[in-house]
1. So, in segment 18-37, exactly how many residues are of a type outside the set (Val, Ile, Thr) and open to solvent by less than 70 Å² (accessible area, probe 1.4 Å)?
2. Yes or no: residue 69 of a type outside the set (Val, Ile, Thr), more than 21 Å from residue 156 (Cα to Cα), open to solvent by 20 Å² or more (accessible area, probe 1.4 Å) and part of a loop (DSSP other than H, G, I, E, B)?
3. Of the residues 99, 115, only one is touching a residue at least 60 places away in the same chain (Cβ under 8 Å), of a type in the set (A, V, I, L, M) and closer than 21 Å to residue 81 by Cβ; which?
4. Can you pull out the helices (runs of 4 or more DSSP H) entirely within segment 99-163 that have at least 3 residues that are surrounded by 14 or more Cβ atoms within 10 Å (Cβ to Cβ) and over 13 Å from the mean Cα position of the chain (by Cα)?
5. Would you mind telling me which numbered condition in (1) over 17 Å from the mean Cα position of the chain (by Cα); (2) open to solvent by less than 30 Å² (accessible area, probe 1.4 Å) residue 42 fails?
6. Tally time: how many residues in segment 80-98 are loosely packed, with under 14 Cβ neighbours inside 10 Å and at negative phi?
Amino acid sequence: MKTRETARIVLLNEQDRILLFKMKDPSVTSKENPAGEPVWFPPGGGVEENESYLEAAKRELWEETGLADGVNWGPLVWIRDIHLFVHQKETRFIEYYYVARVQGKQISTDHFTEVEKETYQAHHWWSVDEIMNTQELIFPKQLGQRLIPLLKGEYPAEPIAIE
């Protein structure tokens, strides 16, 4: 089975909202999403050769949002080890989630890859209440509850394993 190491960003703004992207990629499925329906999830992507997870997070944040300056990076807070099917082949994803904060920044999707351009549907700065009350599919699971301590500045001493 192929393993894909991934860095993701819990990007929070001054209103304590998290940036999520909505993508629809029918070639990526899971038991929670067998038809590859649209999914909301934090920015991030694959770790390149000779790159740390944090370096990948910073690069991915720039590629997907145009943000580099004025980003206040926090700690690694979660690790998610999941299995997805990519083109019907089981792939293990190991995702490292870093907290970052920005103020008054507009994002730009100008640097998306071709695949991201094809699968992108929307982006939105979500409040915890919106996440907890939506019927839309959001990953990681229980994101709303997981955000509450982070918004209070309560970070785990060690990264927490999440689903």
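The values are calculated or read from the model by the stated rules, or taken from the named source; none is laboratory data. What you see is a predicted model; the values in this text were computed from it and never measured. When we count neighbours, we look across all protein chains shown, and the Cβ atoms used for this are built from the backbone with ideal geometry, even at glycine. Keep in mind that these areas ignore ligands, DNA and RNA; they rest on the heavy atoms of the full protein, side chains included. Shrake-Rupley method; radii C 1.70, N 1.55, O 1.52, S 1.80 Å.
1. Pass one, segment 18-37, residues of a type outside the set (Val, Ile, Thr): 19-27, 30-37.
Those still in the list that are open to solvent by less than 70 Å² (accessible area, probe 1.4 Å) too: 19-23, 25, 27, 30, 33, 35-36.
Total meeting the criteria: 11.
2. Yes; evaluated as a whole, the condition is true for this residue.
3. Result: 99 is the single residue among 99, 115 that is touching a residue at least 60 places away in the same chain (Cβ under 8 Å), of a type in the set (A, V, I, L, M) and closer than 21 Å to residue 81 by Cβ.
4. Filter on segment 99-163 gives 128-133, 143-151.
5. With (1) over 17 Å from the mean Cα position of the chain (by Cα); (2) open to solvent by less than 30 Å² (accessible area, probe 1.4 Å) applied to residue 42, the lone miss is (1).
6. Kept after step one, since they are loosely packed, with under 14 Cβ neighbours inside 10 Å, are these residues of segment 80-98: 81, 83, 87-90, 92.
After this cut, where a residue has to be at negative phi as well, the list is 81, 83, 89-90, 92.
Count: 5.
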